[in-house]
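So the structure is just underneath, and the comments pick up after that.
The values are calculated or read from the model by the stated rules, or taken from the named source; none is laboratory data. Just so we're clear, the structure is a prediction, and the values are computed from it rather than from any experiment. Here the Cβ positions follow ideal geometry from the backbone for every residue, glycine too, while neighbour counts run over all protein chains shown.
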Amino acid sequence: MHVVFNLPDVPIDNKALGMMWLRGFFGDGSARNPEVRSLARAFVRLVHAAARAYIRGVAHTKRYWETHDSFAVGDAEEAVSQFEHCISNTHRAINFFDALRRHKFLENLDVINDLKPTFLRAMRTQISDIRNEVQHLEAAILNGEILEGRSTALHATGLEVPAPDEPGQTIMTIDRLVIGQYEIKAADLALCLTRLLAYCRSIAEAPPVPPADVGTTQNPAS
């Protein structure tokens, strides 16, 4: 069997994450409301965590399939863990993103609403389904409800087809993450993360606003 990969890269720009951490130390000037600042920082952190986990999951998957002198079970197990982290953090990031976009005190962070994230319409359901399946399978394993042959780990796989020029040989294209009855194409997940990272950059690069006056409505706690 020949194995080919369709697992697109996700380009991470750590500048956005670094700028958010600096703003945390020296004060966040793009929004005065503490809820907005907390939502924005959590969103940026989780998107970067999800992207890094995806990249590590891809690397371990490739290492597993490209190791021919031993059985790289460690890479296979680590790929599962990283992809599960990716899905979990993406799910959490989307929840924070939704809450952030709805907030009425965005001020200069309203740049994130300049373009509606229509790409999330389909992705939100896919990611939520896979995240829920991971959690439900944990409960099923603990309760002794797993049937023989049932998939219990989120793993990268794909379709295997006959090789056109090699009788008796096959080609497997690894291009998706699968657990149970649920799957997500790696290209779709990578594109989703790339677009979320772009929103992170918009947040990090949002211009500052003037300091709040005493008793401002921008801070409900004041």
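Could you please find all residues in region 27-56 being modelled with pLDDT under 95 and either of a type in the set (A, V, I, L, M) or assigned to a loop (DSSP other than H, G, I, E, B) (or both)?
Selection gives Gly27, Asp28, Gly29, Ser30, Ala31, Arg32, Asn33, Val36, Leu39, Ala40, Ala42, Val44.
Considering only region 80-118, state which residues are within 11 Å of Ala49 (Cα to Cα), among the polar types (S, T, N, Q) and in contact (Cβ under 8 Å) with a residue 40 or more places away in the chain.
Ser88, Asn89, Thr90
On the given criteria, is Arg102 among the basic types (Lys, Arg) and at pLDDT 90 or above? Don't jump to the end; show me each part of the working.
Values: among the basic types (Lys, Arg): yes; at pLDDT 90 or above: yes.
Taking the combined requirement at face value, the residue satisfies it.
Would it be correct to say that Thr118 is surrounded by fewer than 18 Cβ atoms within 10 Å (Cβ to Cβ), under 30 Å from Ala206 (Cα atoms) and at pLDDT below 95? Explain how you work it out, then say what you get.
Numbers: surrounded by fewer than 18 Cβ atoms within 10 Å (Cβ to Cβ): yes; under 30 Å from Ala206 (Cα atoms): yes; at pLDDT below 95: yes.
For Thr118, the condition - surrounded by fewer than 18 Cβ atoms within 10 Å (Cβ to Cβ), under 30 Å from Ala206 (Cα atoms) and at pLDDT below 95 - is met.
Would you say Ala59 is part of a helix (DSSP H, G or I) and surrounded by fewer than 17 Cβ atoms within 10 Å (Cβ to Cβ)?
So Ala59 passes the test.
Exactly one condition in (1) closer than 30 Å to Glu66 by Cα; (2) small (Gly, Ala, Ser); (3) modelled with pLDDT of 90 or more is false for Ser128; which is it?
Just one mismatch for Ser128, condition (1).
Between Gln135, Gln181, which is within 17 Å of Ala50 (Cβ to Cβ), surrounded by fewer than 14 Cβ atoms within 10 Å (Cβ to Cβ) and out of contact with any Pro (no Cβ under 6 Å at 6 or more places or on another chain)? Reasoning before the result, please.
Details: Gln181 fails: within 17 Å of Ala50 (Cβ to Cβ).
Exactly one residue qualifies, and that residue is Gln135.
Mind checking which residues of region 66-76 are of a type outside the set (Val, Ile, Thr) and surrounded by fewer than 14 Cβ atoms within 10 Å (Cβ to Cβ)? Let's see the steps before the verdict.
Within region 66-76, the first condition is being of a type outside the set (Val, Ile, Thr), and the residues that meet it are 66, 68-72, 74-76.
Of everything in region 66-76, those that are of a type outside the set (Val, Ile, Thr) and surrounded by fewer than 14 Cβ atoms within 10 Å (Cβ to Cβ) turn out to be Glu66, His68, Asp69, Ser70, Phe71, Gly74.
Would you confirm whether any residue within region 9-21 is at pLDDT 95 or above and either part of a helix (DSSP H, G or I) or exposed (fewer than 14 other Cβ atoms within 10 Å of the Cβ) (or both)? Explain how you work it out, then say what you get.
Of region 9-21, the ones at pLDDT 95 or above are 9-10.
Cutting the leftovers down to either part of a helix (DSSP H, G or I) or exposed (fewer than 14 other Cβ atoms within 10 Å of the Cβ) (or both) gives us 9.
Checked region 9-21: at least one residue is at pLDDT 95 or above and either part of a helix (DSSP H, G or I) or exposed (fewer than 14 other Cβ atoms within 10 Å of the Cβ) (or both).
Among Ala139, Ala187, Ala153, Ala122, which is the only one that is closer than 22 Å to Thr90 by Cα, part of a loop (DSSP other than H, G, I, E, B) and not β-branched (Val, Ile, Thr)? Explain how you work it out, then say what you get.
Details: Ala139 fails: part of a loop (DSSP other than H, G, I, E, B); Ala187 fails: part of a loop (DSSP other than H, G, I, E, B); Ala122 fails: part of a loop (DSSP other than H, G, I, E, B).
Of the residues listed, the single one that is closer than 22 Å to Thr90 by Cα, part of a loop (DSSP other than H, G, I, E, B) and not β-branched (Val, Ile, Thr) is Ala153.
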